[in-house]
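Q: Here you go, one structure.
The values are calculated or read from the model by the stated rules, or taken from the named source; none is laboratory data. These figures come from a predicted structure and were not determined experimentally. Note that each Cβ is placed from the backbone with ideal geometry, even for glycine, and that neighbours are counted across all protein chains shown. Just so you know, the surface numbers come from the protein's heavy atoms only, side chains and all, with ligands and any DNA or RNA stripped out. Shrake-Rupley method; radii C 1.70, N 1.55, O 1.52, S 1.80 Å.
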Amino acid sequence: MEKLKSELKVPPLDNFRPEPGSLPSRDAIPARYKWDLTSICKSWDEWQATYKQLDAAIAAFTSFQGTLARGPERVVAAFKAMDRMGALSYQVWYYASLHYDEDQRDNDINARRQQVQILFAKQQQASSWFNPELLTIPIATVRSWLDGNGDLAVYRFAIESLFHEQEHVLDEHGERLMSLAGRFNSVPYDSYSALTTADVKFPTITLTNGGKVTLTYGQYRALLETNRNQDDRANAYRTFHQTFADNQNTYAALYNGVLQRDWFHARARGYKTTLDAALHGNNIPTSVVENLIAVTKQGVEPLRRYHRLRRRVLGTSTYRLFDVFVPLVEHAARYAYDDVGASIIDSVTPLGSTYQQNVRSAFDGRWIDVFENSGKRSGAYSAPVYGAHPYMLLNYNETLDAVFTLAHEMGHSMHTLLSHQSQPFVYAGYTIFVAEVPSTLNEALFLDLMLERARNRDERIVLLQHAIDSIASTFYTQVMFADYERQAHRLVEEDQPVTADALNAIYSSLLDAYYGDVIDKEDVSRVTWARIPHFFSTPYYVYQYATCFASTARLMQGIRSKDPGEREEAVNRYLNLLRAGGSDYPMNLLSRAGVDLSQPDTVRAVSAELDSLVGRLEAELRV
Ligand SMILES: [Zn+2]
């Protein structure tokens, strides 16, 4: 009730558009553009009380220790106690952390946020006995309990996947050695990170107009995306990559550390290859990655067609990797936030009225923190707050990128909403393997609508280039990266030396395989592997962007179908995928939605999509 009254006080016409380049204070922004966190906690007092409840729940949890073997009732009670701790954790964490992101200069809120982190460490300690103790009960016994106890049956997948992981857990002595060796795990990445951020000296270049640019990664990318002078782009590209080339032996030695560590883990735990080890947790067959790599390599023609088209349009005698991001036309449209909301709501019409109503609630119910203000966290995210509704943080700046970011985060939020509504706590979260499906699918729907509504040729060209570039970077480049990681890991699996020359050779052969002769060669490109942080921080991770993208392309074929029956079925299966949250292995969830990632056709859906977009772009450009 109280909330309603305060809403009525808001004047109906408080449209707000920050001046480009200005940074308003948070107070200067009208309330309806700021998220309302009261659905998590009404106040800091309520937060404090919830914090105390969580603290008490953690202390009480130890009473279950040593009792699980007594029977299914104990196991159910322990699982429920964990769910309760989990739900409280979301509440205390997000209330503090979302408030903190509003203005990260606030020390009091930061202190509360850190207080929660300390409590989480305590929680982890207090529950670390649970999995090992459950695993001491023979699986046959646990299965008979699952069959005989309906409350426990809810946890079937959680329990089965725990036993699945157990297949590669060692005996006590082995696990002790592994945990001692674990101290070395982060050394390669920590060193990489120190070398590329803390200790790095970013080079400065002088542009043809006399201006100077210091090439941080952000500045470097911005220059490649906006500077229309090829000499400047060449200078930036060569200088930026030369800093990696100058230290390539050091990077190769660090990367060898990553490869050796991964191979050590795989062998110690009895996996055939490093890829098997990486995919086992999510129960993904290695054939999925093999298929992805092989089929993508066969489907590079639309990518090459796009670059041949770009070369013609740019009209330069050479066309190199530093020419691939420049816009094909100058078109600086601005998208006011108040106009964009309605389009995003319209764009999800194919997903049905309930989905659409949910998207409307996100806009009307203050789930979104829209504009940048001084002290606010940068970037964008969707926060899956269990027990409340999802929240989105944006730094909306009226560019096309910002609009698509909003569509993207909305996809994550709808996934969270449907999953939280449909699943018990234990499966409410979803894995990264499916997470980027709803976000990229929302982007695809939004693109369809924008293209339909585009008023002129330039606008259509900008939209098509946006869509094509995102396929190139989210799909093709990521598959190429996955291919690189697999080949590099094979070096150690086959006892081959890992040197800068060997890694450079893998990378340049991949550039050849993808671009052939449509992009002119540049010597320094071969060291690109050294500047990809994912290779050093999270091996075998990036392929998931590509599998999500392929899944989306496949799902969109059904959602766009001309046949109403087929369309309806595709939409239902898709919404069921969102509702399923983390209740099964990702391959099973996707296959129920009609996506089989081990099939070449699924991967081919992306090159088919790209081919059609490039065809439309060619028609618009008439070259
Ligand atoms: Zn995302």
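Q: Of everything in the range 322-345, what is acidic (Asp, Glu) and open to solvent by less than 20 Å² (accessible area, probe 1.4 Å)? Give them in sequence order. Working first, answer last.
A: First pass over the range 322-345, keeping only residues acidic (Asp, Glu): 323, 330, 338-339.
Listed by number, the list holds a single entry, ASP323.
Q: Looking at the structure I just gave you, is PHE16 surrounded by 13 or more Cβ atoms within 10 Å (Cβ to Cβ) and either of a type in the set (Lys, Arg) or at pLDDT below 95 (or both)?
A: Here the answer is yes, as PHE16 does meet what is asked.
Q: As an exercise: evaluate LEU464 against (1) closer than 16 Å to VAL313 by Cβ; (2) surrounded by fewer than 22 Cβ atoms within 10 Å (Cβ to Cβ) and give the number of the one condition it does not meet.
A: (2)
Q: What pairs come out if I take residues in the range 145-157 that are in contact (Cβ under 8 Å) with a residue 12 or more places away in the chain and pair them with residues that are among the acidic types (Asp, Glu) whose C-beta lies under 7 Å away, six or more apart or interchain?
A: So the pair list comes out as PHE157/ASP584.
Q: Then there is this: Can you report the number of residues in the range 64-119 which are in contact with a Ser or Thr (Cβ under 6 Å, 6 or more places away or on another chain) and open to solvent by 40 Å² or more (accessible area, probe 1.4 Å)?
A: 3
Q: Can you find, within the range 367-394, the residue that is least open to solvent (accessible area, probe 1.4 Å) among those that are within 15 Å of the ligand (Cβ to nearest atom) and over 18 Å from SER39 (Cβ atoms)?
A: The selected residue is LEU394.
Q: Could you look through the range 419-433, keep only residues that are at pLDDT below 95 and among the β-branched types (Val, Ile, Thr), and pick out the one that is farthest from ASP83 (Cα to Cα)?
A: Looking at the filtered set, the residue picked out is ILE432.
Q: Is it true that some residue in the range 359-368 is in contact with a strand residue (DSSP E or B) (Cβ under 6 Å, 6 or more places away or on another chain) and touching a residue at least 60 places away in the same chain (Cβ under 8 Å)?
A: Yes, the conditions are met somewhere in the range 359-368.
Q: Answer yes or no as to whether ARG604 is at negative phi, part of a helix (DSSP H, G or I), under 23 Å from the mean Cα position of the chain (by Cα) and of a type outside the set (Asp, Glu).
A: Yes, satisfied.
Q: On the basis of being within 16 Å of the ligand (Cβ to nearest atom) and touching a strand residue (DSSP E or B) at 6+ places or on another chain (Cβ under 9 Å), does SER439 make the cut?
A: On the way: within 16 Å of the ligand (Cβ to nearest atom): yes; touching a strand residue (DSSP E or B) at 6+ places or on another chain (Cβ under 9 Å): yes.
Against the criterion (within 16 Å of the ligand (Cβ to nearest atom) and touching a strand residue (DSSP E or B) at 6+ places or on another chain (Cβ under 9 Å)), SER439 qualifies.
Q: So which residues in the range 267-323 are among the small types (Gly, Ala, Ser) and more than 30 Å from ASN229 (Cα to Cα), if there are any at all?
A: Within the range 267-323, ALA268, GLY270, ALA277, ALA278, GLY281, SER287, ALA294, GLY299 meet the criteria.
Q: Let me ask you something else. Residues to consider are TYR545, TYR540; find the one that is of a type outside the set (A, V, I, L, M) and at positive phi. Can you show your working first?
A: Values: TYR545 fails: at positive phi.
The conditions single out TYR540.
Q: Something else now. Note down all Cβ pairs under 7 Å where the first residue falls in the range 412-424 and is touching a residue at least 60 places away in the same chain (Cβ under 8 Å), the second is among the small types (Gly, Ala, Ser) and open to solvent by 20 Å² or more (accessible area, probe 1.4 Å), and they're at least six residues apart or on different chains.
A: From residues that are touching a residue at least 60 places away in the same chain (Cβ under 8 Å), the pairs are GLN423/SER583.
Q: Separate question: Go through the residues of the range 559-577 one by one and say whether even a single one is aromatic (Phe, Trp, Tyr), in contact with an Asp or Glu (Cβ under 9 Å, 6 or more places away or on another chain) and either at pLDDT 95 or above or open to solvent by 50 Å² or more (accessible area, probe 1.4 Å) (or both).
A: Checked the range 559-577: no residue is aromatic (Phe, Trp, Tyr), in contact with an Asp or Glu (Cβ under 9 Å, 6 or more places away or on another chain) and either at pLDDT 95 or above or open to solvent by 50 Å² or more (accessible area, probe 1.4 Å) (or both).
Q: Among the residues of the range 517-527, is there at least one that is in contact with a Lys or Arg (Cβ under 7 Å, 6 or more places away or on another chain), closer than 22 Å to GLY299 by Cβ and outside any helix (DSSP H, G or I)?
A: yes
Q: Would you mind stating whether ASP584 is without any contact (Cβ under 8 Å) to a residue 24 or more places away in the chain, in a loop (DSSP other than H, G, I, E, B) and either open to solvent by 20 Å² or more (accessible area, probe 1.4 Å) or of a type in the set (S, T, N, Q) (or both)?
A: no
Q: Here's another thing I want to ask about it. Which pairs do you get when a residue that is at negative phi and of a type in the set (A, V, I, L, M, F, W, C), found in the range 375-388, comes within reach of a residue that is open to solvent by 40 Å² or more (accessible area, probe 1.4 Å) and within 11 Å of the ligand (Cβ to nearest atom), reach meaning Cβ atoms under 7 angstrom, with the pair 6+ apart or on two chains?
A: ALA380/THR405
Q: Can you tell me how many residues in the range 397-418 are more than 14 Å from the ligand (Cβ to nearest atom) and either at pLDDT 95 or above or of a type in the set (A, V, I, L, M, F, W, C) (or both)?
A: 5
Q: Right, here's the next one. For residues that are assigned to a helix (DSSP H, G or I) and open to solvent by 40 Å² or more (accessible area, probe 1.4 Å), scanning just the range 409-442, find the one that is nearest to HIS280 (Cα to Cα).
A: Within the range 409-442, the match that is nearest to HIS280 (Cα to Cα) is ILE432.
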